[in-house]
1. Could you give the spread of the C-alpha atoms of the range 1-125 along their three principal axes, from largest to smallest, in whole angstroms?
2. If you take every residue apart from VAL83 with its C-beta less than 10 Å away from the C-beta of VAL83, what net charge results, scoring Lys and Arg +1 and Asp and Glu -1?
3. What is the magnitude of the charge dipole of the chain about its Cα centre, with +1 placed on the Cβ of each Lys and Arg, -1 on the Cβ of each Asp and Glu, and no other charges, expressed in debye to the nearest 20?
4. Compute the helix-to-body angle for 111-121: its Cα long axis versus the longest principal axis of the chain, expressed 0 to 90° and rounded to tens.
5. Stretched out fully, how many nm does the piece from THR95 to HIS64 gain, at 0.36 nm a residue minus the Cα gap?
6. Using every alpha carbon pair in the range 31-96, what percent of pairs falls into each 5 Å bin from 0 up to the bin containing the largest distance?
7. Share of antiparallel DSSP beta bridges in the chain, in percent to the nearest 5?
8. When ranked by the protection proxy of mean other Cβ atoms within 10 Å per residue, highest first, what sequence do the peptides 89-96, 63-70, 31-38, 103-110 form?
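Readers should treat all values here as calculations from the given coordinates under stated rules, not as data from a laboratory. What you see is a predicted model; the values in this text were computed from it and never measured. Cβ atoms come from the backbone with ideal geometry, glycine included; neighbour counts cover every protein chain shown.
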Amino acid sequence: MGAGGRKQDEFIPVLLGRTLTTGLPALLEQAMDDPGITVATVCGGSLVLAMAGLLEGRHATTHHLGLDMLDATGAHAIHARVVDDGDLITGAGVTSGLDLGLYLLEREVGPRVAHAVEELFAHERRGTVWRAQGLTPTAL
């Protein structure tokens, strides 16, 4: 038994790791290799990509409890709700999935459509979408 009375095979990394024994990694690799496809993940989806070796050197985020694991795979783990790394968009926890979806709408079809959907969902986006652009802040 582990933390909270759970068996070792019930921990999230173990459950996500089971996807590596399926056909999913090959499909994900095919999507990641296609320049016409933008891959978007939320929460543990980033860890699945990372555990399959598909995020090495890429900027990404995941649930805050998985950031160290994401970083350990060779990805550049970013503590943000949404990270835009070009053809890879990642969202942190489950609730950031709405922010990710609205950001993709804005990026692909424009802010008017994104705003209309935001109003329809009665959801106001939070945070800044992190991108590897602009000046790098210095320590205060």
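1. 50, 35, 24
2. With Lys, Arg at +1 and Asp, Glu at -1, the net is +1.
3. 320 debye
4. That helix lies at roughly 60 degrees to the long axis.
5. Working it through step by step, the gained length comes to 9.9 nm.
6. 4, 22, 34, 26, 10, 3, 0
7. 25 percent
8. Peptide ranking by packing, descending: 89-96, 63-70, 103-110, 31-38.
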